[in-house]
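Quick note: the coordinates plus some simple rules give every number you see, no bench work behind them. In this text, all values refer to a predicted model and were calculated from it rather than measured experimentally. As a convention, Cβ positions derive from the backbone with ideal geometry for all residues, glycine included, and neighbour counts pool all protein chains shown.
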């Protein structure tokens, strides 16, 4: 099994829900903001608002946003529902009259810290996982480091490519340790 880091495809714009605006509409936004930064459920505080495109390029079917989030078009949700349902929660928002979804990736797998490295800013430079922990996994995050990377298996990439979905790139990281 090969593992990859999920990244944005630079040919597409990045679409995301306005998480700050959601927090501002809550009586106590601190709990919501804490949940965002620590890969916790956002369901109880979620408000369906208009999304924001961060550049002039049209978004792909999938967008890699901040922290441990992806955004999915209706097409992507339809194609990936069975794949992503075990990885996190899908939260609705809209953009230019279309339905979109934030995938808040909650499936967190611990890194093998003795084989992983972070830099002085806590950004992940190298990461390894136990083969046992990744059995049957397609999409996950890890609490190792600070930047909230999302990782996937080659099976996830196959599903995305077979469905013809656009907007993501995949950076291969070291092959899985056999231990």
- line: For 1, 33, ascending order of other Cβ atoms within 10 Å (fewest first) is 1, 33
- prompt: Hey, what's the per residue convex hull volume over the C-alpha atoms of the chain, in cubic angstrom?
  reply: 117
message: Among 82-88, 95-101, how do they line up by average Cβ neighbours within 10 Å per residue, starting with the highest?
response: 82-88, 95-101
task: Express in nm, to one decimal, how much length is gained between residue 67 and residue 28 on full extension, taking 0.36 nm for each residue of separation and deducting their alpha carbon distance.
output: 11.9 nm
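Which of the peptides 70-76, 160-166 is most tightly packed, and how do the rest follow, going by the mean number of other Cβ atoms within 10 Å of each residue?
70-76, 160-166
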statement: For region 84-179, the Cα-Cα pair-distance distribution in 5 Å bins from 0, as whole percents, is 2, 11, 19, 23, 19, 13, 7, 4, 1, 0
query: If each residue's Cβ is checked for other Cβ atoms within 10 Å, how do 157, 150 rank with the fewest at the top?
result: 157, 150
query: Hey, what did region 3-173 get for relative contact order, percent, Cα under 8 Å, at least 6 apart?
result: 30
query: Angle between the Cα long axis of helix 74-84 and the longest principal axis of the chain, 0 to 90 degrees, nearest 10?
result: 40
- line: With R₀ set to 25 angstrom, the calculated FRET efficiency between the beta-carbons of residue 7 and residue 135, to the nearest 0.05, is 0.55
task: May I ask you to sort 54, 9, 61 by Cβ crowding, counting other Cβ atoms within 10 Å and putting the fewest first?
output: 54, 9, 61
